[in-house]
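Peer 1: Starting off with a structure, shown below.
The values are calculated or read from the model by the stated rules, or taken from the named source; none is laboratory data. This structure is a prediction, so every number in the text was calculated from the model and none was measured. Glycine also receives a Cβ, built like all others from the backbone with ideal geometry; neighbour counts cover every protein chain displayed. For the accessible areas, the whole protein counts, side chains as well, though only heavy atoms, and no ligand, DNA or RNA atoms are used. Shrake-Rupley method; radii C 1.70, N 1.55, O 1.52, S 1.80 Å.
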Amino acid sequence: MSPSRVPVATPALEAAGESAGVLRQPALTPEDAARSRDRFRVHNARTDGRRWYLLWLLVGPGILVMLGENDGPSMISYAASGATYGLGFFLPFILITFVMAVVCQEMCMRVGAVTHRGYGQLVLERFGRLWGWFAAGDLVLTNLVTLIAEFVAIRIGLSYFHVGARVAAPLGVLLVVFTLSGGRYWRWERVVLGMAVFNGLFLLAAILSGPRWGTVGHAVISFSPFPGGSFNTLLLLIASTIGATVTPWMIFFQQSASADKGLTPSDLRHGRYDTVAGGVLAALFGCGALIAGAALFGHGGANIQGLAGAGFPGALAHVSGDTVATLFALGLIEAGAVAVLTISASTGYAVGECIGAPHSLNNSARNAVLFYGANVGAALIAAAIVLIPGVPLLSIALNANVLATVLLPVALVFLIMLARDRELMGQWVNSAATDRIAIAIVAFISLCGAAYAIDSFLGAVHLI
Amino acid sequence: MFHGDYDPQTYLEHDQLVADKLRPVPRARLRRGARLGLWALRIFAIVLSAMVIYTFFWQLGH
C-alpha cells in the first residue's frame, strides 16, 4: 500500500486550496512534522498488517469524548436519578441516550477525518462568522458552567478524604497545565486515556453495592417502574440525563481532536470502533453510577439533592459500606478531572478555530498562545469561581446540563448540515438513514429541553 | 524509530498540512428555507436560554 498522501478529496476542500493558489509542496511546520510521525506509525502498522497495534494507534477521541462526558455532574445526575426513582425508567433511558451520542459523535469523527478541520472552523467558514461565533459563544458559556460543576465534583470527591476546596481547585488547574506540557497530541491523548480508565470505578462500586441483577435486567427491558413525583422534576431529570450524554463540547472536541490526531478517510472504520467502544464503556459506567445510587432508593436518597452536604459518597458509606463510598468518591475525582481536561481542550479548539489562530496540541505553547491560553484560562476561571465563598454551586451544577441540552440543537443542526454536505464530504456524506436518525435525535432533544425550560419558566412566573 | 528514507510530507494528505487548513472552504449556498430555519433555530436557542437563566436566578431567590 502506498503512503496516505493523496489529492485533495472533495470539491469544497479542493476549492479552498485552489482559490488561494496553494503550493503543492508548502514548508512543513512543527505541527505537521509531529502529526506526520503519528501517521508514519499508522502507515507502517497498516502495511505490516498489525491489526491490534493499528487499533491502538487510532483509538482515542471517541473513547475520550464518551468517558469525558461521564463527568462529575453527569455521574451525580445518574446517581440522583437512581436514588430518587430506583432502577426503573432511567437505566434503559441512559442506554438510549448513549445510542444517540454514538450517532452524533460518529458524524463528528467522520467530518473531522474527511475535512481535517474542526467544527468551529467549518461552521464559521461554511455558514459565516455570525453562526461561527454564535456556536463558539454557546460553547464557551456552557463549558464555563460545566467546568465549575467539574471542580465541584472534584471537591466533593476529595472532601470524602477530608481534602478541602483550596486544594481541589489548584490541583485541577495544575493537572491541565501538566497534561498540556508535552506539546504533542499523542502524549496528551494517552495521559488522559490512562486517567479515563478509572471511570470504571463506578461500575465496580455498582457491583460491590450488591444490586439484584434480576431487577436490573427487568428495568432495562421494561422501562419500569416509571417514575412518579412532580412533572417538573421528572423533566429536569430527563433533560439533565440527555445533557449528561450529548453536549455541545463533545461535538467541538471529537471533530477537532480527530483532525488534530490526523485521522483520514482511510481510518473511518477504526474511528467508528473507537466511538462505539467509548459509547459502550460510558453507558456501562454511567449505569454503574445509577445502580450504585439506587442503593439509596428508599433510604432517603431523594433528599440528598446531588451536591448538598456530604452528598453521595457520605450517604453511600452508611448504606453500602466504606468501600463502595470510597470507589464512588474516587470515581467523582476522576470524572471531574478528565472532564476538566477534555472540556478545557474543546474551549481551546473553539477559540483558536474561530479566531483563526493556531489550535493544535501538536503545537508548542509558544506557537499557539491563544489555544493554550484559552485551555488553561477556562480551567482557571472555573477554579476561581469555585473558591468564592457563598457561590450557589449546587444550582450551577444542576442547571449546567439543562443549559447544555437547551443549546445542543443548534450545534447538532450544524453538525448534520456539515455531515450531509456533499460538496464538503464527497463520498463520505451521511447516508439517508443516518440523516433520518440524526434529525429524529435533534427533534427529541429539542422537545425535551424546551419542555423543561418552558415548564420551569412558567412555574417561576406563576403562570402554572 | 524512523527509517532513513522517512519523509514527513509523504505521510500527510495535502489538505492535512497546516498551510492548506488555513485556506477557508467556500461559503455554503443555502436556500431561503434553510436560512429561515437557521434563524428560527437561533431564536429558539436564545429564548430557551433566557428562560433557563431566568429560572436559575429565580430559584436562587427562593
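Peer 1: If DNA, RNA and ligands are ignored and the probe is 1.4 Å, what is the ranking of A:Ser74, A:Ser224 by accessible area, most exposed first? Intermediate results must be reported in sequence, preceding the final value.
Peer 2: Details: A:Ser74 0, A:Ser224 35 Å².
Listed by decreasing accessible area, they come as A:Ser224, A:Ser74.
Peer 1: Then there's this: What number comes out for the charge environment of A:Ile251, summing +1 per Lys or Arg and -1 per Asp or Glu over other residues with Cβ under 12 Å away?
Peer 2: Values: positive: none; negative: A:Glu69, A:Glu106, A:Asp138.
Taking every Cβ under 12 Å from that of A:Ile251, the sum is -3.
Peer 1: By how many degrees, 0 to 90 and rounded to 10, does the Cα axis of helix A:369-387 deviate from the longest principal axis of chain A?
Peer 2: 10
Peer 1: For A:Phe231, put the label point 7 Å out on the Cα→Cβ axis and report which residues of region A:438-464 keep their amide N under 17 Å from it.
Peer 2: A:447-464
Peer 1: Multiplying the sequence separation of A:Arg269 and A:Ala451 by 0.36 nm and subtracting their Cα-Cα distance, what value in nm do you get?
Peer 2: Values: separation 182, 0.36 × 182 = 65.52 nm, distance 3.72 nm.
Between A:Arg269 and A:Ala451, full extension yields 61.8 nm more.
Peer 1: Same structure, new question: Tell me what chain B gives for mean residue ellipticity at 222 nm when only DSSP H runs of n ≥ 4 count, each as -39,500 (n - 2.57), the sum divided by the residue total, rounded to 500 deg cm²/dmol.
Peer 2: Values: 2 runs with 34 residues, N = 62.
Computed ellipticity for chain B at 222 nm equals -18500 deg cm²/dmol.
Peer 1: Could you work out [θ]222 nm for chain A from helices alone, using -39500 (n - 2.57) per DSSP H run of at least four and dividing by all its residues? Round to the nearest 500 deg cm²/dmol. Mind showing how you got there, number by number?
Peer 2: Values: 21 runs with 346 residues, N = 464.
About -25000 deg cm²/dmol.
Peer 1: Moving to a separate point now. How far is helix A:432-460 tilted off the main Cα axis of chain A, in degrees rounded to 10, range 0 to 90?
Peer 2: The answer is roughly 40 degrees.
Peer 1: For region A:154-160, what does the Karplus curve 6.51 cos²θ - 1.76 cosθ + 1.60, with θ = phi - 60°, yield as ³J(HN,Hα) per residue in whole Hz, taken in order and with x for Gly and Pro?
Peer 2: These are the phi-based 3J(HN,Hα) values: 4, 4, 4, x, 5, 5, 5 Hz.
Peer 1: Let me ask something additional. Using the Cα centre of the protein assembly as shown as origin and beta-carbon charges of +1 (Lys, Arg) and -1 (Asp, Glu), tell me which of A:Cys104, A:Leu130, A:Ala295 is placed farthest towards the positive end of the dipole.
Peer 2: The residue sitting most towards the positive pole is A:Leu130.
Peer 1: If you don't mind, there's one more thing I want to ask. Quick one: angle between helix A:268-294 and the longest Cα principal axis of chain A, in degrees between 0 and 90, rounded to 10, please.
Peer 2: It works out to around 10 degrees.
Peer 1: Under 8 Å for C-alpha pairs, at least 6 residues apart: give me the relative contact order for chain A, rounded to a whole percent. Spell out each step's value before the answer.
Peer 2: Details: 787 pairs, mean separation 151.6, N = 464.
So the answer I get is 33 percent.
Peer 1: Sorting A:Leu234, A:Leu130 by accessible area (1.4 Å probe), largest first, what list results?
Peer 2: Details: A:Leu234 20, A:Leu130 105 Å².
From most accessible down to least: A:Leu130, A:Leu234.
Peer 1: Sorted by accessible area (1.4 Å probe), largest first, how do A:Trp133, A:Trp52 line up? Working shown, then result.
Peer 2: Details: A:Trp133 110, A:Trp52 205 Å².
The ranking, largest first, comes out as A:Trp52, A:Trp133.
Peer 1: Projected onto the charge dipole of chain A (+1 at Lys/Arg Cβ, -1 at Asp/Glu Cβ, origin at the Cα centre), which of A:Val140, A:Ala368, A:Pro225 gives the Cα projection farthest towards the positive end?
Peer 2: Of the options given, the answer is A:Ala368.
Peer 1: Given a cut-off of under 8 Å on Cα pairs at least six residues apart, what relative contact order in percent is computed for region A:34-170? Display every interim value, and only then the final one.
Peer 2: Details: 49 pairs, mean separation 25.6, N = 137.
Value for region A:34-170: 19 percent.
Peer 1: Let me ask something additional. Can you give the net charge of the other residues whose Cβ lies under 14 Å from the Cβ of A:Gly336, counting K and R as +1 and D and E as -1?
Peer 2: Values: positive: A:Arg155; negative: A:Glu69, A:Asp71, A:Glu150, A:Glu334.
Here the count lands on -3.
Peer 1: Give me the tail of P(r) for region A:59-460 as a percent: Cα-Cα pairs with distance above 35 Å. Show your work: numbers first, answer last.
Peer 2: On the way: 16167 of 80601 pairs.
In whole percent, the share of Cα-Cα pairs in region A:59-460 beyond 35 Å is 20.
Peer 1: Take the alpha carbon atoms of region A:418-455, find their center, do the same for region A:38-54, and report the distance between the two centers in whole angstrom.
Peer 2: 34
Peer 1: What distance in nm lies between label points placed 7 Å from Cα along the C-beta direction at A:Ala33 and A:Gln427?
Peer 2: About 3.5 nm, to one decimal.
Peer 1: Using protein chains only and a probe of 1.4 angstrom, how many square angstrom of A:Arg420 are accessible, to the nearest 10?
Peer 2: 130
Peer 1: To the nearest Å, what is the center-to-center distance of chain B and region A:102-179, using C-alpha atoms only?
Peer 2: Rounded to whole Å, the Cα centres lie 13 Å apart.
Peer 1: Just read off the accessible area of A:Tyr160 with the full protein assembly in place, 1.4 Å probe, to the nearest 10 Å².
Peer 2: Accessible area of A:Tyr160: about 50 Å².
Peer 1: Could you tell me which residue out of A:Leu341, A:Ile454, A:Ser36 lies farthest along the dipole of chain A toward its positive end? Charges go on the beta carbon: Lys and Arg +1, Asp and Glu -1, centred on the Cα centre.
Peer 2: Farthest towards the positive pole: A:Ser36.
Peer 1: To continue, here is another question. What is the magnitude of the charge dipole of the protein assembly as shown about its Cα centre, with +1 placed on the Cβ of each Lys and Arg, -1 on the Cβ of each Asp and Glu, and no other charges, expressed in debye to the nearest 20? If you can, show how the numbers build up before the last one.
Peer 2: Working: 34 positive and 28 negative charges, 129 e Å.
With Lys and Arg at +1 and Asp and Glu at -1, about 620 debye.
Peer 1: Kindly report, to the nearest 10 Å², the accessible surface of A:Ile437 as traced by a 1.4 Å probe over protein heavy atoms only.
Peer 2: In the full protein context, A:Ile437 sits at about 90 Å².
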